[in-house]
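S.K.: Supplied in structure tokens, the structure appears directly below.
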Amino acid sequence: MPKITYVAVDGNQTAIDVPVGTSVMRGAVFNDIDGIVAQCGGNMQCATCHVYVDETTLDKLEPPKEREDEMLDFTACPRKPNSRLSCQLKSSEALDGLIVHTPERQN
């Protein structure tokens, strides 16, 4: 099962197994990871699942699709080149080892 590491603003790291096909956002919500609010439940309508993908694992991802790219303009914390909506990142064997950082706030 792919292991995803969530890094909080304070540097605390939590690595969890996220079943293939499950979003990185749902992995966080199901495991009580602070920093990912997910108000819309993964419907890409709120941008409260914003994360910064660690530069060392960014190459594991394909670029965001147009709708995600547009939603990233509505994040509470500044958008960066490594910003992604965790609801759009589906766990797969290719994402094993992915590291995401939660922003200071989501809303």
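S.K.: Which one is most open to solvent (accessible area, probe 1.4 Å) among residues in the stretch 61-72 that are over 20 Å from G35 (Cβ atoms) and part of a helix (DSSP H, G or I)?
M.R.: Result: E66.
S.K.: Restricting attention to the stretch 74-107, and to residues there that are free of Cβ contacts under 8 Å to residues at least 60 places away in the same chain and closer than 16 Å to N43 by Cα, which single residue is most open to solvent (accessible area, probe 1.4 Å)?
M.R.: If we take residues in the stretch 74-107 being free of Cβ contacts under 8 Å to residues at least 60 places away in the same chain and closer than 16 Å to N43 by Cα, then F74 is most open to solvent (accessible area, probe 1.4 Å).
S.K.: Another one. Considering only residues that are assigned to a strand (DSSP E or B) and either modelled with pLDDT under 95 or of a type in the set (G, A, S) (or both), look in the stretch 1-30 and name the one that is most open to solvent (accessible area, probe 1.4 Å).
M.R.: Among them, the one singled out is A15.
S.K.: While we're on this one: Kindly provide the set of residues from the stretch 31-60 that are part of a helix (DSSP H, G or I) and surrounded by fewer than 13 Cβ atoms within 10 Å (Cβ to Cβ), ordered by number.
M.R.: D59
The values are calculated or read from the model by the stated rules, or taken from the named source; none is laboratory data. Note that the structure is predicted; figures quoted are calculated from it, not measured. No Cβ is skipped: glycine too gets one built from the backbone with ideal geometry, and neighbour counts run over all protein chains shown. Calculation scope for accessible area: heavy atoms of the full protein, side chains included, ligands and nucleic acids excluded. Shrake-Rupley method; radii C 1.70, N 1.55, O 1.52, S 1.80 Å.
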